[in-house]
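The values are calculated or read from the model by the stated rules, or taken from the named source; none is laboratory data. Keep in mind that what you see is a predicted model, and the values were worked out from it rather than measured. Methodologically, a virtual Cβ is constructed for each residue, glycine included, from the backbone with ideal geometry; neighbour enumeration extends over all protein chains shown.
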Amino acid sequence: MSIAVSKLTKIYGEQKAVDDISFSIPKGEVVGFLGPNGAGKSTTMKILTGYLPATSGEASVCGLPVDDHPIEIKKRVGYLPESNPLYPEMYIKECLSFTAHIYGVPHASKRIEEMIALTGLTSERRKKIGALSKGYKQRVGLAQALLHDPEVLILDEPTSGLDPNQLVEIRHLIRELGKDKTVMLSTHIMQEVQAICDRVIIINLGKIVADDKLSHIQMAAADTVLTITFSENVSEGVLKTIPEIKEVHQSSPLVWNITTAVPEAVKKSLWQLALQNNLNIVSLQSNTVALEDVFRKLTKGE
């Protein structure tokens with residue numbers, strides 16, 4: 001496993017920021033690490049990168065325990081922290097040269113040019129970092145994280161401050177990087193998770209409340225809304241004879257929205273009901289549950 005966490009706990013005073021969590025991430029997987037503010041996301045990432053010690057439990061990267069191999073871990077991990085600390089008085093290339101020297105990057109000049117092009121910094125390359133927009137500063141931070149060609153990328157809010165065009169470019173870049181690297185990223189943008197991630201880990205109040213493929217989480221954590229259109233009027237009472245239906249709402253004279261936790265079973269029952277009552281079904285569609293709704297349900301109990 002590229003990342004492995006077992007019974008990890010971090011306590012600040014009387015507060016458990018991270019509370020006995022366990023998970024693992026294999027190579028080549030892009031995982032979204034989600035949770036409300038204060039849930040423990042950044043703390044977990046700082047522990048994995050060796051910037052913060054755990055109170056108890058174990059964390060390893062590329063098979064190496066973080067506590068025992070802090071320098072080796074930093075060689076294998078590319079880390080973009082939430083605060084993205086940069087030197088505003090440095091020029092972009094100067095900053096990347098400094099970073100390359102710290103990591104001992106071979107053929108540094110060539111590698112720097114590659115990272116400038118890869119992260120879309122070419123047009124701004126002659127500027128000082130302090131003169132850059134927030135979005136371009138994020139690109140510099142991402143270039144730093146990639147400079148030493150790490151096996152694992154840990155990105156805390158990597159697209160913060162990017163405009164819509166930049167978002168598309170960086171999302172594509174992260175997705176491509178995930179083909180041969182392990183990527184763990186935190187974000188509050190649900191569309192970003194859906195566009196980039198294979199899997200989602202949701203943490204709330206220091207505990208993991210979900211860990212699965214994105215599609216599985218959406219199916220398991222929330223109800224499905226079926227939209228059915230009949231060719232003639234149908235009463236609410238007739239529809240409610242199907243026991244698996246939770247809610248029924250008529251959106252227009254012939255169209256009903258039906259909420260259920262078992263959509264496939266209800267679909268079969270609706271077709272049977274139509275046959276028994278000589279009804280014609282014009283259309284029957286399943287509406288995909290928004291990830292925002294799943295997130296709220298898992299972190300607020302809605």
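Table: residues versus (1) at pLDDT 90 or above; (2) within 26 Å of L298 (Cβ to Cβ); (3) not assigned by TED's automatic domain parsing to the domain that holds A17.
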position: M184; (1), (2), (3): yes, yes, no
position: I228; (1), (2), (3): yes, no, yes
position: P253; (1), (2), (3): no, no, yes
position: W256; (1), (2), (3): yes, no, yes
Worksheet item: Which residues, counting only those in the stretch 189-211, are in contact with a Leu (Cβ under 8 Å, 6 or more places away or on another chain) and small (G, A, S)?
Response: A210
Worksheet item: Can you name the condition, by its number, that L8 falls short on among (1) of a type outside the set (D, E, K, R); (2) modelled with pLDDT of 95 or more; (3) out of contact with any Asp or Glu (no Cβ under 9 Å at 6 or more places or on another chain)?
Response: (3)
Worksheet item: Say we look at the stretch 237-290 and pick out the residues that are in contact (Cβ under 8 Å) with a residue 40 or more places away in the chain and in contact with a Lys or Arg (Cβ under 9 Å, 6 or more places away or on another chain); which of these is surrounded by the most Cβ atoms within 10 Å (Cβ to Cβ)?
Response: L284
Discussion item. Being surrounded by fewer than 17 Cβ atoms within 10 Å (Cβ to Cβ), over 18 Å from the mean Cα position of the chain (by Cα) and not polar (S, T, N, Q) is the filter here; which residues of the stretch 125-166 pass it?
Written reply: R125, R126, K127, K128, G130, A131, K134, D149, E151, D163
Response to the item:
Within the stretch 131-163, the residues that are of a type in the set (A, V, I, L, M, F, W, C) and farther than 18 Å from Y87 by Cα are V152, L153, I154, L155, L162
Fill in: strands (runs of 3 or more DSSP E) lying entirely in the stretch 28-93 (those with 1 or more residues that are surrounded by 14 or more Cβ atoms within 10 Å (Cβ to Cβ) and polar (S, T, N, Q))
56-61
Item to complete: Spot the failing condition for T227; the list is (1) over 30 Å from K10 (Cα atoms); (2) under 35 Å from the mean Cα position of the chain (by Cα); (3) surrounded by 18 or more Cβ atoms within 10 Å (Cβ to Cβ), and only one is missed.
Response: (3)
Worksheet, complete the sentence: Filter the stretch 75-96 for residues that are out of contact with any Pro (no Cβ under 9 Å at 6 or more places or on another chain) and of a type in the set (D, E, K, R); the one that is nearest to L153 (Cα to Cα) is E82
Worksheet item: Quick check, is L298 crowded, with 17+ Cβ neighbours inside 10 Å and hydrophobic (A, V, I, L, M, F, W, C)?
Response: yes
Worksheet item: acidic (D, E), in contact (Cβ under 8 Å) with a residue 40 or more places away in the chain and outside the structural domain of A210 (by TED's automatic domain parsing), is that true of E232?
Response: yes
Worksheet, complete the sentence: By residue number, the members of the stretch 167-183 that are surrounded by 16 or more Cβ atoms within 10 Å (Cβ to Cβ), hydrophobic (A, V, I, L, M, F, W, C) and assigned to a helix (DSSP H, G or I) are L167, I170, L173, I174, L177
Item to complete: Considering each of I73, I154, I92, I112 in turn, give the residue that is touching a residue at least 12 places away in the same chain (Cβ under 8 Å) and touching a Phe, Trp or Tyr at 6+ places or on another chain (Cβ under 6 Å).
Response: I154
